[in-house]
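Trainee: A single structure is presented below for examination.
FYI, it's all coordinate maths here, none of it is from the lab. This is a predicted model, so every value here is computed, not measured.
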Amino acid sequence: MSLKLVKLVFKFGSLLALTPTKIEINGLVFPSKAYALLWIILFGLLTLSISAFYRKASYEKFTPVILTIQVATDTVFFILNISTIIITATKRHHWNRFINILKFLKSSNEKGDLFWFLPFLLTNVVFVVIFTYYTYIGAQIMGVDFFKLYAVEYFQFYAQFIVYYLIYEFLNLILNGFNSLSKTMCKILKMRSNRLHKLSFKRLKSDFCALAECVEIFNNTFGWLLLLSMGFTTLEILRSMQYLISGKRKSVPIIIYRIMFITWHLIGTLNGVFICDLTEQRVKVMRMVAYQIVANFDGDREVEEIKKLINVINDNFPHFTAARYFDLNRKTILGVLNAFFTFLIVAIQFEDLYN
């Protein structure tokens, strides 16, 4: 992963006040907080007005179960968009500290990557394909009314895409940092004791502490966004599954779109959880290697340095959390799936009462 790619995502995100980048208009720097406030008002007015005037009629046709799921989905999505802008505007120093640490720790092999922009380009292409298909289906079914009801969602979903991608990039940069430390420690393990004293453990400890600080900043900055994203994804999947199971007007194009939409959000949300779990496993491997070094080498000075490193790892072990409500690992996915299937069964049972 490259910091060049993060910088590119920042430029796109700054257009919607999603990333802390300066906005210049005709050579004048537009105040970032004022620009963020402008987007908050714009998102708020558009979302609330559309829900109040255009979607009200369709909401009245829903059964209580579907209405509850729909309103909850729209509310969480709205809060997610607004929270992203607010966090960006209020935590600029966290972003700057995070980027500065990653710049200090970045590997030198990034310079030779000629296609560093390709991952972001391809994911944008996938986004455009999905929502072009979405527009085609919606326009066929509803005509011009489709754009009155859902045009604002193009901005909302692209804002969520930026959040997904930034979380993915930052987590990968943290993971790469721990991978680099782990490789260094594996090299130490393979060396003989008479060469061990030549290596400096101070750099290992300082780099580990810097990465642990990155994890803490990530939790403070993206914890709420991860929690809201997981909530929105669960509700959106529940809404789609309820339609696929008990919906009356099924069609192949809509089913295809629903599957594409579910897959997009599942990958965007759960991919970050898997990287969090992989990072914790990598640090556990580092700690195991450190214990092996202590067992294999007899030099008092070197062993004491390794023991200090072990204490640093234990005291600063990285734990990724969703707004500190729960840890992000593979157990999280099982918990979400359990809650989802339980809610889905209850929703279908209640839905049958109105059919």
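Trainee: Can you run phi through the Karplus equation (6.51, -1.76, 1.60; θ = phi - 60°) for region 310-318 and list ³J(HN,Hα) in whole Hz, with x for Gly and Pro?
Mentor: Using θ = phi - 60°, the values come out as 4, 5, 5, 5, 5, 6, 10, 4, x Hz.
Trainee: In the structure displayed, which of 91/202; 33/61; 61/91; 103/284 lie more than 32 Å apart, Cα to Cα?
Mentor: 33/61; 61/91
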